[in-house]
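Here the structure comes first, spelled out in structure tokens, and everything after it is commentary.
Please treat every number below as a calculation from the coordinates, not as lab data. None of the values given here were measured: they were computed from a predicted structure. Don't worry about glycine lacking a Cβ; one is built from the backbone with ideal geometry, like all the others, and counts go over all protein chains shown.
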Amino acid sequence: MNSIELKSRAKINLSIDVLGKRQDGYHLVEMIMQTIDLYDIIKIKEVNNNDIIINSNSSDIPLDGDNIVYKAVDLLRRTFSIEKGVEIFIEKNIPIAAGMAGGSSNAAAVLVGLNKMWNLNLSDKKLQELGFKLGADVPFCIVGNAALAKGVGEELTYIKGLPKDVSILVCKPELFVSTKEVYEGLDLSNIKIRPNNEYLIQCLKNNDIDSISRNMVNVLEAVTSKNHAQIKEIEEIMNENKALGSMMSGSGPTVFGLYKNKEDALKGKKELLKKYKQVYVVNSSEKGVEING
């Protein structure tokens, strides 16, 4: 097999709690992640030399060794002493630097794709262990669906996710938010409201979308929204257009709203498009990376 094409899906957070900080600077979290059906397309093909060549339809991502996709290829080559070159095309649809794990998801797709192309026969678990070396979100992105993540995000317990018939309105304002700065700006001793993840997991089990929507909490939102008024503004537009609840995903600046019916979500989308360019109506997905064809 000398080429492969994969879907690399985005995620949203239905909750984020930050419990503490480790000696190495990483924060300890407890959060619920859900993959959604908004995806990049990753095309990988072998080349006749040892190069790692990256191209994309987006001018906003690095195409060199700084790209996490490059690091994923490099990691597999070093781990298994492989001397092969690849050319990778990243068709970006997931907003960039959005709190939706777009880069992590691309790296996950490369691990899954090369595992198949190079006949490495690694299990999902082994791929996840490798993926964690690239970033805390990569293990989740490999398998997808919904999970409670603990530790620095790598300890995954899979749970029942959002029902397929829930419409998710996603809006990414034209802002750049530094994840590092958001975490550094969080005062751990002064977090007023924390998510009750056990309760949220129970609500997901019972398909109780109203309760999920009312009880979603992201402790990072207080930090990001203090510097960026757009976050609250987007939430207000979503709520005025019948969102059951809305919240920032990850460290931001993307905001999503949950809707019982698609018509309301599309109305919300229409309103948001008056001010923002990157607006999508999607559903949840039970898959992370998926091989096309």
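Placing a label point 7 Å from the Cα of GLU240 along the Cα-to-Cβ direction, the residues of segment 261-289 with a backbone N closer than 17 Å are 264-277.
Counting other beta carbons within 10 Å of each residue's own, what order do ARG77, ARG194, ARG214, ARG9 fall into, fewest first?
ARG214, ARG194, ARG77, ARG9
Listing VAL255, VAL112 from fewest to most neighbouring C-beta atoms within 10 Å gives VAL112, VAL255. Inter-label distance, ASP66 to LYS125: 3.8 nm, where each label sits 7 Å from its Cα along the C-beta direction.
The length gained by stretching the chain between GLU286 and GLU87 to full extension, at 0.36 nm per residue less their Cα-Cα distance, is 68.8 nm.
For Rg and Dmax of the Cα atoms in Å, several values are listed as [x] 17.5, 50; [y] 18.7, 57; [z] 21.7, 70; flag the one computed from this structure. Matching entry in [x] 17.5, 50; [y] 18.7, 57; [z] 21.7, 70: [y]. Straightening the chain between LEU266 and ASP24 buys 82.7 nm, computed as 0.36 nm per residue apart minus the Cα-Cα spacing. The P(r) of segment 35-146 has a tail past 17 Å containing 50 percent of all C-alpha pairs.
Each of ASN49 and ASN196 was given a label point 7 Å from its Cα along the Cα-to-Cβ line. The distance between the two points is 6.1 nm.
Test of understanding: ordering SER8, SER59 by Cβ neighbours within 10 Å, fewest first, what list do you get?
SER59, SER8
Think of segment 84-184 as a dipole: +1 on every Lys or Arg Cβ, -1 on every Asp or Glu Cβ, centred on the Cα centre; then among ALA108, LEU162, LEU120, LEU120 lies furthest on the positive end.
Take the Cβ atoms of THR157 and LYS232, set R0 to 45 Å, and the FRET efficiency comes out at 0.90.
Rounded to whole numbers, the Karplus 3J(HN,Hα) couplings from phi for segment 169-174 are 8, 10, 9, 10, x, 6 Hz, using 6.51 cos²θ - 1.76 cosθ + 1.60 with θ = phi - 60°, and x at Gly and Pro.
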